[in-house]
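Visitor: My structure is below; once you've seen it, I'll send some questions.
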Amino acid sequence: MEWEEVVKDPSLKDLPFKIETNEWGKIMMAPASDLHGLYQFRIARTLSNLANEGETSTECPVQTSKGVRVADAAWRSVAFLKKHGIRKIKLPESPEVVVEIESPSNSTAELEEKRHLYFEVGAKEFWLCDEDGNMRFFNPRGELKRSEIFGEFPEHIEIDFV
């Protein structure tokens, strides 16, 4: 199934989980928890507050060599926006920063593959948030102590439950 068909299919529009495709066009689904959504929002908001320019988004579909992967959050520069504009369906290459939030359904191998796929199509940094809010930052050469693009981004995302 092509990504355009997935996006336009009315039976798939209100599902409570993220949809991606694999290299054969088959739909892959991952359930999202409330905590996942909270981390996604906090990360995107913090990233947006730190960015002087460019755009931050959530649920960012990126075409990779193994199908469409949907980053939980992403940041794209003005140069990226000028090159690609705003896409209604999917991005042909990765924004500079992509963020994935671990879920119980994710395996380490799956997250490592996503990281490599995003770098393969142009990501400058890949960020990973674990289920406790701890952030890890990577560039194509390996793990970083902090983001090189957004050095002030926190190493931990706090979710306060009142």
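The values are calculated or read from the model by the stated rules, or taken from the named source; none is laboratory data. Computed from a predicted structure; not experimentally measured. All Cβ positions, even for glycine, are placed from backbone atoms using ideal geometry, and neighbour counts span all protein chains on display.
Visitor: Please work out which residue is surrounded by the most Cβ atoms within 10 Å (Cβ to Cβ), limiting yourself to segment 106-146 and to residues that are assigned to a helix (DSSP H, G or I) and free of Cβ contacts under 8 Å to residues at least 24 places away in the same chain.
Guide: In this case the residue turns out to be ARG115.
Visitor: Follow-up. Can you tell me how many residues in segment 86-105 are outside any loop (DSSP other than H, G, I, E, B) and touching a Phe, Trp or Tyr at 6+ places or on another chain (Cβ under 7 Å)?
Guide: 4
Visitor: A follow-up question, please. If you check SER103, SER57, which single one turns out to be under 25 Å from ASP160 (Cα atoms) and either surrounded by fewer than 16 Cβ atoms within 10 Å (Cβ to Cβ) or in contact (Cβ under 8 Å) with a residue 60 or more places away in the chain (or both)?
Guide: Only one candidate qualifies: SER103.
Visitor: Is it the case that GLY54 is of a type outside the set (S, T, N, Q), over 22 Å from TYR39 (Cα atoms) and more than 11 Å from the chain's Cα centre (by Cα)?
Guide: No: the conditions fail for GLY54.
Visitor: Still on this structure: Filter segment 49-83 for residues that are of a type outside the set (Gly, Ala, Ser), under 15 Å from VAL97 (Cβ atoms) and not in a strand (DSSP E or B) and give the result.
Guide: ASN49, LEU50, ASN52, GLU53, VAL78, PHE80, LEU81
This table checks each residue for (1) at pLDDT below 95; (2) over 16 Å from the mean Cα position of the chain (by Cα).
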residue: GLU102; (1), (2): yes, no
residue: GLU125; (1), (2): no, no
residue: ARG141; (1), (2): no, yes
residue: ARG146; (1), (2): no, yes
